[in-house]
1. Where residues in segment 104-116 are outside any loop (DSSP other than H, G, I, E, B) and modelled with pLDDT of 90 or more, which of them is surrounded by the most Cβ atoms within 10 Å (Cβ to Cβ)?
2. Looking only at segment 66-79, decide whether some residue is within 14 Å of residue 8 (Cα to Cα), part of a helix (DSSP H, G or I), under 13 Å from the mean Cα position of the chain (by Cα) and at pLDDT 90 or above.
3. Given the structure, is residue 101 within 19 Å of residue 37 (Cβ to Cβ), at pLDDT below 90, touching a helix residue (DSSP H, G or I) at 6+ places or on another chain (Cβ under 6 Å) and surrounded by 13 or more Cβ atoms within 10 Å (Cβ to Cβ)?
4. List every residue pair whose Cβ atoms sit under 7 Å apart, with the two residues 6 or more apart in sequence or on different chains, where the first one lies in segment 88-117 and is more than 14 Å from residue 19 (Cα to Cα) and the second, anywhere, is assigned to a helix (DSSP H, G or I) and modelled with pLDDT of 90 or more.
5. Among the residues of segment 21-53, which ones are part of a loop (DSSP other than H, G, I, E, B), under 18 Å from residue 99 (Cα atoms) and in contact (Cβ under 8 Å) with a residue 60 or more places away in the chain?
6. Of everything in segment 27-60 that's surrounded by fewer than 18 Cβ atoms within 10 Å (Cβ to Cβ) and at pLDDT below 95, which residue is nearest to the chain's Cα centre (by Cα)?
């Protein structure tokens, strides 16, 4: 059985470990990148079902990863969810204008996996 692949782009080691552990415990295959360059390299050879992208990553930020995903037709059905600790007034609306969803840090472990499943279901329809 093929496991659903999720790309996680996060430069903070403890945040990456938490998200990776939560997703793997749920049965997902997790691709990990710590910056935009590494994420784009992984995307050259993989097509994840979902991308969780920290906005504040090295190498051009989450917007660069989003632009890469949006530039290729094979990623048209891949939801891209912004993940950030910088949740200021108006940020949610700004991120939702570009990304398919938004998760704020610190990650709420009780609802995180449910949020991932919701995004996957929304794009599977």
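1. Residue satisfying both the conditions and the ranking: 116.
2. Looking through segment 66-79, at least one residue is within 14 Å of residue 8 (Cα to Cα), part of a helix (DSSP H, G or I), under 13 Å from the mean Cα position of the chain (by Cα) and at pLDDT 90 or above.
3. no
4. Taking only residues 6 or more apart or on different chains, the pairs are 98/66; 99/66; 100/119; 101/119.
5. Selection gives 49 alone.
6. Checked segment 27-60; the qualifying residue nearest to the chain's Cα centre (by Cα) is 56.
The values are calculated or read from the model by the stated rules, or taken from the named source; none is laboratory data. These numbers were taken from a predicted model, which means no experiment stands behind them. Glycine gets a Cβ as well: all are built from the backbone with ideal geometry, and neighbour counts include every protein chain shown.
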